[in-house]
Amino acid sequence: MKEKITKIGMAEVSAAKHPAVLITLGLGSCVGICLYDKAKKVVGMAHIMLPSSREIKNNNNKAKFADTAVELLLEDMLGLGAQRHRITAKIAGGAQMFSFSSANELMKIGERNVQAVKSELVRLSIPVIAEDVGGNYGRTIEFYSENGDLGIKTIGHGIHVI
Amino acid sequence: MTVNYENLNSMQIDVFKELGNIGAGNAVTALSKMLNKKVNMEVPKVRILEFKEVPELLNGAEMPVAGIYFRVQGDISGNIMFIIPEDSSKTLINMLMGTCRDRAEFDEMDRSALEEIGNILAGSYISSLSALADMKITISVPALAIDMVGAVLSVPIIQFGQMGDSVMLIETRFFEGDTQVKGYFLLIPDMGSFTKLLEKLGVA
């Protein structure tokens with residue numbers, strides 16, 4: 001059976017049944033949240049940009065925020081037969097691409113995104129079983145329904161699987 | 001009132017196009033002086049794109065680019081960024097240093113050359129903006145990242161993301177002789193400054 005490859009762009013979420021690969025290219029300060037139900041082999045990925053929908057007026061796009069995207073993704077996965085209590089998470093991204101000498105809140109957005117994602121996963125009782133976050137470089141991530149492996153590619157910082 | 005790029009009317013878009021035109025024109029003139037060579041420019045294209053369309057325009061999110069980022073402060077605040085594809089960056093460095101090396105990687109010298117190019121481009125861009133809108137604006141020192149375009153752009157896109165779901169991108173191509181160099185320019189006013197900028201430009 002040929003696996004279906006889906007690209008997830010900024011502020012998008014997507015879920016799929018086995019066989020599938022979910023991909024996000026060139027993840028920077030955003031965070032890729034990868035959820036997996038091992039028994040059903042249902043995968044889901046969210047590509048969030050900002051920590052909180054409550055800090056922003058224009059917040060209709062739920063896939064954009066850490067505090068609203070995970071639930072949105074969960075719904076899609078449950079719709080495909082995933083069981084909530086079996087779902088685990090892997091997260092990647094949240095880099096600080098530029099370093100400014102002046103303290104600018106927005107420059108730490110990667111770190112804030114990671115923290116917001118983690119606390120949202122805690123709130124929803126989804127365990128984070130692996131992560132590759134921070135640093136100052138971009139990542140391309142590939143999430144496989146076959147075994148829940150998350151492949152990470154970088155420019156100059158190697159390739160690995162978590 | 002929330003202002004974002006999706007809600008701009010055609011007159012406001014025209015003003016931004018003109019701004020892009022004048023700014024890029026000045027930037028290219030400055031570059032031409034620095035290189036001591038005649039540099040020609042195509043009329044810049046101003047595009048308003050949804051986030052997910054941006055990496056596609058730049059040949060996919062994994063394409064390596066140099067991003068030079070500045071903080072803007074004064075009568076308006078925000079950020080500006082130049083995106084120069086890796087091959088164009090190498091061409092520019094060679095032009096600036098009078099070399100014709102094929103670089104596999106960027107060393108310290110190359111990085112400062114790129115920062116300097118960014119400085120010149122951003123400085124002239126901002127000075128034309130401040131003249132046009134009669135504002136006092138200063139720019140910070142440059143910050144440079146060389147990485148996948150999606151990752152580099154995530155920073156300004158997140159800033160746009162606080163206002164809406166689209167970005168404004170000004171595409172500039174310039175030529176020195178037969179050599180083509182491509183560059184992209186993003187102007188990201190902070191939330192309060194967007195309205196102020198439109199007011200100052202007389203199109204609020």
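Just a few scattered comments:
- Answer from A:10, A:45, A:97 - the residue that is aliphatic (A, V, I, L, M), in a strand (DSSP E or B) and touching a Ser or Thr at 6+ places or on another chain (Cβ under 8 Å): A:45
- Answer residue from the range A:107-139, given it is part of a strand (DSSP E or B) and either of a type in the set (Asp, Glu) or in contact with a helix residue (DSSP H, G or I) (Cβ under 8 Å, 6 or more places away or on another chain) (or both) and is surrounded by the fewest Cβ atoms within 10 Å (Cβ to Cβ) among those: A:128
- For the residues B:155, B:141, the requirement of being modelled with pLDDT under 90 and surrounded by fewer than 17 Cβ atoms within 10 Å (Cβ to Cβ) singles out B:141.
- Checked against the criterion of being under 30 Å from residue A:13 (Cα atoms), surrounded by fewer than 14 Cβ atoms within 10 Å (Cβ to Cβ) and either within 10 Å of another protein chain (Cβ to nearest Cβ) or of a type in the set (Ser, Thr, Tyr) (or both), the range B:35-58 has at least one qualifying residue.
- Considering residues of the range A:129-156 that are closer than 16 Å to residue A:3 by Cβ and of a type in the set (S, T, N, Q) only, the residue nearest to the other protein chains (Cβ to nearest Cβ): A:145
- Close pairs (6 angstrom Cβ cut-off, 6 or more residues apart or separate chains): surrounded by 14 or more Cβ atoms within 10 Å (Cβ to Cβ) in the range B:93-106, not in a helix (DSSP H, G or I) anywhere: B:94/B:100; B:106/B:146
- Screening residue A:85 against (1) within 28 Å of residue B:163 (Cβ to Cβ); (2) out of contact with any strand residue (DSSP E or B) (no Cβ under 6 Å at 6 or more places or on another chain) leaves a single unmet condition, (1).
- Those residues of the range B:14-33 which are in contact (Cβ under 8 Å) with a residue 24 or more places away in the chain and surrounded by fewer than 16 Cβ atoms within 10 Å (Cβ to Cβ), in sequence order: B:29
- In the set B:66, B:61, only one residue is in a loop (DSSP other than H, G, I, E, B) and either free of Cβ contacts under 8 Å to residues at least 60 places away in the same chain or within 14 Å of chain A (Cβ to nearest Cβ) (or both); that residue is B:61.
- Every condition in (1) touching an Asp or Glu at 6+ places or on another chain (Cβ under 9 Å); (2) modelled with pLDDT of 85 or more holds for residue B:86 except the one numbered (1).
- Test: residue in the range B:167-188 that is of a type in the set (Gly, Ala, Ser), closer than 23 Å to residue A:49 by Cβ, at pLDDT 75 or above and in contact with a strand residue (DSSP E or B) (Cβ under 6 Å, 6 or more places away or on another chain): no
- Residue in the range B:118-127 that is touching a Pro at 6+ places or on another chain (Cβ under 6 Å) and either within 14 Å of another protein chain (Cβ to nearest Cβ) or at pLDDT 85 or above (or both) present: yes
The values are calculated or read from the model by the stated rules, or taken from the named source; none is laboratory data. Computed from a predicted model, the values in this text were never measured in an experiment. Glycine also receives a Cβ, built like all others from the backbone with ideal geometry; neighbour counts cover every protein chain displayed.
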